[in-house]
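Contents: one structure, followed by commentary.
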Amino acid sequence: MSLNRDQLLDEARSSEIWDIIVIGGGATGLGTAVDAASRGYQTLLLESHDFGKGTSGRSTKLIHGGVRYLRQGNIKMVNKALRERGRLLKNAPDLVKPLRFVIPCYKWWHKAWYGAGMRVYDALARKLSIAPSRTLSREDTIAFLPGINTDNLRGGVEYWDAQFDDTRLLVSLALTCASLGGVPLNYMRVTDFVKERGRIQGVVAVDKETGTSHSFRSRVVVNATGIFTDGLRRMDDPASKPMMQAAQGIHLVLDPSFLSTDTAVMVPDTDDGRVIFGVPWNGRILVGTTDTPRNRIDLEPLAGEDEISYLLDHASRYLAKAPRREDVLSIYAGLRPLVKAHRSKTKSMSRDHTLRVSKSSLVTITGGKWTTYRQMGEDAVNRAAKVAGLPKKSCITRELRLKTGPKDDAGSMDSSTGMDEKLHGSSSYTRADILRAVRYEMARTVEDVLARRTRMLFLDARAAIAVAPTVASIMAAELGWDQDRETREVARFNETAQQYIPSYPFS
Ligand SMILES: Cc1cc2nc3c(=O)[nH]c(=O)nc-3n(C[C@H](O)[C@H](O)[C@H](O)COP(=O)(O)OP(=O)(O)OC[C@H]3O[C@@H](n4cnc5c(N)ncnc54)[C@H](O)[C@@H]3O)c2cc1C
């Protein structure tokens with residue numbers, strides 16, 4: 001199974017009417033499209049940039065119940081997320097893996113307190129529990145977390161959650177959607193709704209590669225655009241009241257000399273009550289995250305100086321070797337799509353998802369989290385099918401195994417052709433990974449390859465900038481770009497990548 005944009009575009013144009021059009025190619029949109037296609041509904045998904053360019057490519061990479069929601073007493077949400085965690089471990093075993101977490105304890109009562117909390121977490125997971133939590137001695141804590149600050153360390157609490165690669169799971173969802181007859185398209189921006197007698201009958205979308213405008217008809221349209229939800233709702237009804245509040249979270253990426261382990265560290269008692277993780281991921285350590293209300297909605301949000309200082313400060317308290325700004329390999333920021341509540345502090349808002357249907361029948365699904373994307377898709381399709389009067393069909397995604405793409409190809413990726421050559425000394429990605437991303441995974445730009453099909457931009461921004469010309473030349477040969485396009489691609493990528501470098505002037 002593979003994704004070919006030209007073929008998918010032909011399919012999109014050849015259908016007279018779709019059962020469901022989904023707008024947005026993040027976790028929510030692709031989850032909805034997979035659900036709809038797997039029920040046998042004719043499904044088209046339109047993403048204005050690349051799959052995962054929005055919030056879904058910028059997560060902490062955890063499939064988890066959410067220990068902090070447990071602390072807020074949101075048992076229903078934790079329960080739902082733990083159920084979904086269990087399903088994902090079964091349905092995407094190549095991409096979602098169990099991960100050990102340790103909470104380091106520096107006060108004598110913390111072991112008992114957090115130990116009890118984690119036993120509640122175990123109980124909520126019931127038979128979906130990965131392994132029971134337990135308290136650890138000081139020696140065991142140090143053994144699991146080499147690099148942790150040992151001053152006054154009393155021990156720790158071990159618990160289990162799961163980890164994934166967010167944009168790789170999106171590729172898997174797009175492949176699954178296509179394998180079920182759905183059509184997922186990137187670089188298709190929805191610019192208007194088609195309406196008849198006040199009811200939405202489809203969308204107008206512009207192909208950002210050619211500038212061509214297309215009109216797609218549909219029985220129902222689902223708005224799954226995350227932080228852009230209100231913009232689409234206003235496009236439908238200029239009088240609609242805003243329902244979203246964005247909250248920014250940033251991550252610092254460090255090399256493993258700061259915490260050389262396959263165990264994640266969780267700090268539940270920061271200065272302002274946030275939770276901070278140090279997560280081993282693709283040979284690096286992700287430190288995050290923050291939670292700052294933001295009014296400016298941007299596909300490339302900028303980390304704040306205060307956020308960077310906050311994470312460096314906390315990392316210094318909990319790690320034996322304090323990271324400095326120049327040690328940071330990459331900084332990335334994302335905006336959580338939270339549904340407005342009457343409280344101002346975003347960390348105390350509910351992270352549950354919300355479904356709304358407008359007067360003209362636009363179905364909006366938003367909020368929630370990556371972990372619950374499947375449930376969000378199920379709920380959205382149940383409602384959309386009702387709105388459109390589609391024949392009732394049961395959801396099958398609870399048990400649906402997700403597809404992964406071809407691992408190798410066509411003889412051209414063997415060692416004799418240099419395809420297994422590494423792109424950069426600091427990374428395991430090879431030329432074959434670039435080719436695979438272009439041929440089978442619908443990567444269209446250098447940024448798609450370096451930020452989302454591979455994760456080089458997130459793992460080491462300077463290394464990603466260094467390899468951009470090589471990536472562009474491989475892509476040029478494969479996609480038939482002229483020299484001008486190749487040069488523009490590198491320049492455009494470099495401009496975006498600058499703000500992942502810690503020396504960039506942050507706000
Ligand atoms: C810092 C951070 C860390 C997080 N960590 C975790 C975690 O570890 N685990 C977890 O479970 N959750 C996590 N979350 C939450 C999770 O990432 C989000 O809830 C989820 O990714 C939201 O997905 P979405 O599809 O709704 O939005 P998005 O991923 O933003 O997708 C919306 C898409 O709509 C597209 N779009 C917008 N307008 C149009 C248009 N006109 N036409 C076509 N397409 C359009 C955008 O380009 C975008 O790709 C985290 C969030 C943040 C910010």
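Give me the net charge for the shell around GLU441: Cβ to Cβ below 11 angstrom, other residues only, Lys and Arg +1, Asp and Glu -1. Write down the numbers at each step before the final one.
Numbers: positive: ARG5, ARG168, ARG436, ARG439, ARG444, ARG452, ARG453; negative: ASP50, ASP433, ASP448.
Within the 11 Å Cβ shell, the charges total +4.
Normalise the Debye intensity by I(0) for the chain, one equal point scatterer per Cα, no solvent, then take log10 at q = 0.07, 0.13 Å⁻¹ and round to two decimals.
For the requested q values the scattering log ratios are -0.37, -1.32.
Using all alpha carbons of segment 262-383, what is the percent of pairwise distances in each 10 Å bin, ordered from the shortest bin to the longest?
Result returned by the calculation: 10, 34, 33, 16, 6, 1.
R0 = 22 Å: FRET efficiency of GLU300 with ILE501, Cβ-based, nearest 0.05?
E(calc), rounded to 0.05, equals 0.95.
Among ALA461, LEU423, ILE474, whose Cα sits farthest toward the positive end of the charge dipole of segment 420-505 (+1 at Cβ of Lys/Arg, -1 at Cβ of Asp/Glu, about the Cα centre)?
My answer, from the dipole projection, is ALA461.
Under a 5 Å amide H to amide H cut-off, with H placed in plane at 1.01 Å, what residues pair with LEU136 once short-range neighbours are removed?
Distant-sequence amide H within range of LEU136: GLY156, VAL157, GLU158.
Kindly give Rg over Rh for segment 14-122, based on alpha-carbon atoms, with the Kirkwood expression for the hydrodynamic radius.
Rg/Rh for segment 14-122 comes to 1.11.
If the cut-off is a Cα-Cα distance under 14 Å, which aspartates and glutamates reach LYS422, setting aside same-chain residues fewer than 8 apart in sequence?
Within the straight-line limit of under 14 Å, LYS422 reaches these aspartates and glutamates: ASP414, ASP433.
Any lysines with Cα under 30 Å of the LYS241 Cα? List them, leaving off those in the same chain fewer than 8 positions away.
Qualifying lysines at Cα under 30 Å: LYS53, LYS76, LYS80, LYS195, LYS208, LYS340, LYS345, LYS347, LYS359, LYS369, LYS386.
Kirkwood Rh, segment 32-186, all Cα pairs: how many Å?
Evaluated on segment 32-186, it is 17.6 Å.
Which lysines have a Cα less than 23 Å from the Cα of LYS321, not counting those fewer than 8 places away in the same chain?
Straight-line reach from LYS321, under 23 Å: LYS107.
Have a look at PRO301, LEU180, MET266 and report the one farthest towards the positive end of the charge dipole of segment 166-320, computed about the Cα centre with Cβ charges (Lys/Arg +1, Asp/Glu -1).
The Cα lying farthest towards the positive end belongs to LEU180.
Given +1 on the Cβ of Lys and Arg, -1 on the Cβ of Asp and Glu, and no further charges, what dipole in debye does the chain carry about its Cα centre, rounded to the nearest 20?
Computed about the Cα centre, the dipole is about 2440 debye.
Let me know the Kirkwood hydrodynamic radius for segment 58-117, please, with Cα pairs as the basis and the value in Å to one decimal.
Across segment 58-117, the inverse of the average 1/r is 13.2 Å.
Output needed for segment 419-502: three equivalent-ellipsoid semi-axes, defined as square roots of 5 times the C-alpha gyration tensor eigenvalues, in descending order, whole Å. The partial results should precede the final answer.
Values: eigenvalues 62, 48, 22 Å².
For segment 419-502, the ellipsoid semi-axes come out as 18, 15, 11 Å.
Note down, for segment 162-319, the three equivalent ellipsoid semi-axes (square root of 5 times each alpha carbon gyration tensor eigenvalue), biggest first, whole angstrom.
39, 21, 13
Read the figures in this text as sums done on the coordinates, not as results from a lab. Note that the structure is a prediction, hence the values are computed from the model and not measured. Cβ: placed from backbone, ideal geometry, glycine included. Neighbour counts: every protein chain shown.
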